């Protein structure tokens, strides 16, 4: 046998090392399909919260009610109810903060999945299409998802600083939700900001609801009509409901008076 055909002893070191495997969910999330699942699930969580938040805020139109023998704004009663969720099982405010932390986690996962999907798509197709074909087929909502998403995130930060923490609301008083709402939205620039931000939210919701069915594998051409109807209906309800608050505050329908 020639010298070039001779082989040294084979070491068993590499074979003896245990192969470390990541958990299944992390392996799934590393794929584009997994990231789309995460975007769809966290999107559903966000949609449910947005609808619930809007419905709760509609109590601003009820005005003053009698609560525990006293007069109070129904929106303030609702806010107090949220702070007392699961009391006395847990201390006041703990359940509400648990919901908030869950929503923050869903938002972070949604943003990370969107960003990492963009990175994967750019690596898979580093050169963009040179024709306008995609822009002719795709809707405005789908083309503007990134921009409307950024606007919604910035609006969430403002909304928290305005009505939750009071940092940008000169008339803020802790626990006085109706008063804080009036103090905030009675300022014309802030009211316009809320209107524009909610239109961006509705645009984002429309395409998000439409596309999540495809992400979850629930799409079928036979159902496209009701998918579009569902997306249009939810987006429209959210926009009309949320935009009504700044408009009705400027019109004096929502107006705080001590009770």
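Quick check: is even one residue across segment 54-63 closer than 20 Å to residue 108 by Cα and assigned to a helix (DSSP H, G or I)? Within segment 54-63, none of the residues are closer than 20 Å to residue 108 by Cα and assigned to a helix (DSSP H, G or I). Of all residues in segment 21-36, those satisfying the criterion of being within 15 Å of residue 118 (Cα to Cα) and in a helix (DSSP H, G or I) are 29, 32, 33, 34, 35, 36. All of 25, 48 fail the test of being exposed (fewer than 15 other Cβ atoms within 10 Å of the Cβ), out of contact with any helix residue (DSSP H, G or I) (no Cβ under 9 Å at 6 or more places or on another chain) and without any contact (Cβ under 8 Å) to a residue 12 or more places away in the chain, apart from 48.
The requirement of being assigned to a helix (DSSP H, G or I) and on the phi < 0 side of the Ramachandran plot is fulfilled nowhere in segment 165-175; no residue meets it.
Residues that are out of contact with any helix residue (DSSP H, G or I) (no Cβ under 7 Å at 6 or more places or on another chain) and either part of a helix (DSSP H, G or I) or surrounded by 13 or more Cβ atoms within 10 Å (Cβ to Cβ) (or both) within segment 64-83 comprise 64, 72, 77, 80, 81, listed in sequence order. Among the candidates 129, 37, 135, the residue that is farther than 30 Å from residue 249 by Cβ and either surrounded by 15 or more Cβ atoms within 10 Å (Cβ to Cβ) or at pLDDT 90 or above (or both) is uniquely 37. Among the numbered conditions (1) without any contact (Cβ under 8 Å) to a residue 12 or more places away in the chain; (2) touching a strand residue (DSSP E or B) at 6+ places or on another chain (Cβ under 6 Å), the only one that residue 178 does not meet is (1). Within segment 221-250, the residues that satisfy the criterion of being closer than 22 Å to residue 51 by Cβ and touching a residue at least 60 places away in the same chain (Cβ under 8 Å) are 234, 237, 238, 241, 242, 245, 246, 248, 249. When 154, 188 are checked against the criterion of being farther than 30 Å from residue 63 by Cβ, at pLDDT 95 or above and surrounded by fewer than 16 Cβ atoms within 10 Å (Cβ to Cβ), a single residue qualifies: 154. Being out of contact with any strand residue (DSSP E or B) (no Cβ under 8 Å at 6 or more places or on another chain), in contact (Cβ under 8 Å) with a residue 60 or more places away in the chain, surrounded by fewer than 18 Cβ atoms within 10 Å (Cβ to Cβ) and on the phi < 0 side of the Ramachandran plot holds for only one residue in 196, 253, and it is 253.
The values are calculated or read from the model by the stated rules, or taken from the named source; none is laboratory data. All values derive from a computational prediction rather than experimental measurement. All Cβ positions, even for glycine, are placed from backbone atoms using ideal geometry, and neighbour counts span all protein chains on display.
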